[in-house]
Amino acid sequence: MALTYAANGGDLRITETANALLHLILVDLTDLFALCTNLGDQAGRGSTTDKVSRVDLDDAMTTPAEGAAVAVTDPTTSNVTVAIARQALRRQETDLLRITGASSMFSLTQEFLARDAANSIVIARTAQIATLFSTVANTVGTTTVDLSVTNIYQAMFQLQTERNRPPFACVLFPEQLNNFQNDLRGESGAVQFEAASAAMLGAKGPGFAGSWHNIDFWSSDQVPTANAGADSNGCMFAAGAFGYKEASAAAMLRAAGSELVPVPEFSPAFIELQRMPAEATMDAVYNYYDGVVELEDERAVGIISDR
């Protein structure tokens with residue numbers, strides 16, 4: 001009688017092999033910080049909170065009578081504040097898992113940690129910016145109704161009415177983008193959609209979908225819900241609508257204690273590695289300090305449509 005895999009495999013073979021390929025599950029790495037104003041480094045400034053002064057220079061000259069003194073007109077001033085806070089993610093691996101691993105098997109290597117940390121930062125800060133969409137006062141669209149070309153025109157017209165200058169950015173939930181593109185299929189000529197070329201994707205990064213009427217369209221699954229989850233709250237905005245602050249990790253790189261994975265001097269992120277001998281584990285903690293703020297409400301329009 002022949003030896004068979006079915007009968008003898010349990011004794012003579014391993015249950016399964018580990019493929020050399022590590023397949024990465026789909027993840028949305030749209031980075032909205034690329035569309036926002038960098039408000040500088042908060043490290044070493046004595047506070048977690050930074051005040052951004054605003055001034056409204058829209059006073060026109062008057063026509064005083066000959067020989068008369070011109071009255072003093074003060075510009076309107078205001079401010080907004082942005083506070084940085086810690087963002088963190090912790091990974092942990094047991095010694096037994098690491099010891100039994102082969103070269104082709106998954107482990108928390110420094111290469112993996114660097115990629116994982118970068119992904120976690122992008123996802124976190126994009127979510128922070130997207131959360132601000134719900135605070136925008138002006139909105140277009142109709143609850144539970146698919147996004148249309150008309151809605152996009154309405155958002156563009158609203159920004160132009162407020163005297164914003166293009167180009168504009170439009171960040172939509174994937175289904176919102178699908179609905180817009182579907183409605184756009186009937187348009188042709190000067191109003192057809194300009195799909196993102198390979199060169200444009202490389203220049204603008206993940207999430208860029210294309211341009212239309214001097215509007216750059218982005219897709220992100222971090223776009224928040226509206227109306228008890230029935231809708232998505234996308235946003236079209238001009239430069240200066242949103243801003244962010246980061247704090248460099250330079251001071252932490254000189255701290256004693258656990259091993260810190262080297263990062264550039266002014267990087268706002270660092271990875272801290274620490275062995276836990278009692279548990280026989282290796283900990284990796286990603287740290288990042290940032291904050292976001294809506295700088296000016298008139299520079300943005302919320303886009304509400306069916307999710």
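Results for (1) charged (D, E, K, R); (2) in contact with a Lys or Arg (Cβ under 9 Å, 6 or more places away or on another chain), shown as yes or no for each residue.
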| position | (1), (2) |
| --- | --- |
| GLU272 | yes, no |
| ARG275 | yes, no |
| ALA278 | no, no |
| THR281 | no, yes |
| ASN287 | no, yes |
| GLY291 | no, yes |
| LEU295 | no, yes |
| VAL301 | no, no |
| ILE304 | no, no |
The lone condition ALA34 fails out of (1) under 16 Å from VAL293 (Cα atoms); (2) at pLDDT below 95; (3) loosely packed, with under 10 Cβ neighbours inside 10 Å is (3)
Scanning segment 78-105 for residues that are farther than 28 Å from PRO268 by Cβ and among the hydrophobic types (A, V, I, L, M, F, W, C), the one surrounded by the most Cβ atoms within 10 Å (Cβ to Cβ) turns out to be LEU97
Scanning segment 134-152 for residues that are in a loop (DSSP other than H, G, I, E, B) and in contact with an Asp or Glu (Cβ under 7 Å, 6 or more places away or on another chain), the one farthest from ASN227 (Cα to Cα) turns out to be SER148
- Query: Do we have LEU39 as modelled with pLDDT under 95 and either within 19 Å of SER267 (Cβ to Cβ) or of a type outside the set (D, E, K, R) (or both) here?
  - Reply: no
Result of the Cβ filter at 7 Å on segment 175-187, keeping first residues that are over 19 Å from THR143 (Cβ atoms) and free of Cβ contacts under 8 Å to residues at least 60 places away in the same chain and partners that are among the aromatic types (Phe, Trp, Tyr) and assigned to a loop (DSSP other than H, G, I, E, B), at least 6 apart or interchain, is GLN181/PHE193; LEU184/PHE193
### Task
Restrict the check to segment 231-241 and report whether at least one residue is surrounded by fewer than 20 Cβ atoms within 10 Å (Cβ to Cβ), closer than 30 Å to VAL149 by Cα and either modelled with pLDDT under 90 or in contact with an Asp or Glu (Cβ under 8 Å, 6 or more places away or on another chain) (or both).
yes
Of the candidates ALA114, ALA155, ALA130, ALA118, the one satisfying the condition of being assigned to a helix (DSSP H, G or I), in contact with a strand residue (DSSP E or B) (Cβ under 6 Å, 6 or more places away or on another chain) and of a type outside the set (Phe, Trp, Tyr) is ALA155
Taking segment 46-84 and keeping residues more than 25 Å from ALA239 (Cβ to Cβ) and within 36 Å of the chain's Cα centre (by Cα) leaves GLY46, SER47, THR48
* Asked: of a type outside the set (Lys, Arg) and over 30 Å from VAL223 (Cα atoms) - does that describe any residue in segment 32-41?
  -> no
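The values are calculated or read from the model by the stated rules, or taken from the named source; none is laboratory data. For clarity, every value in this text was computed on a predicted model and none was experimentally measured. Heads up, the Cβs are rebuilt from the backbone with ideal geometry, glycines too, and the neighbour counts pull from every protein chain shown.
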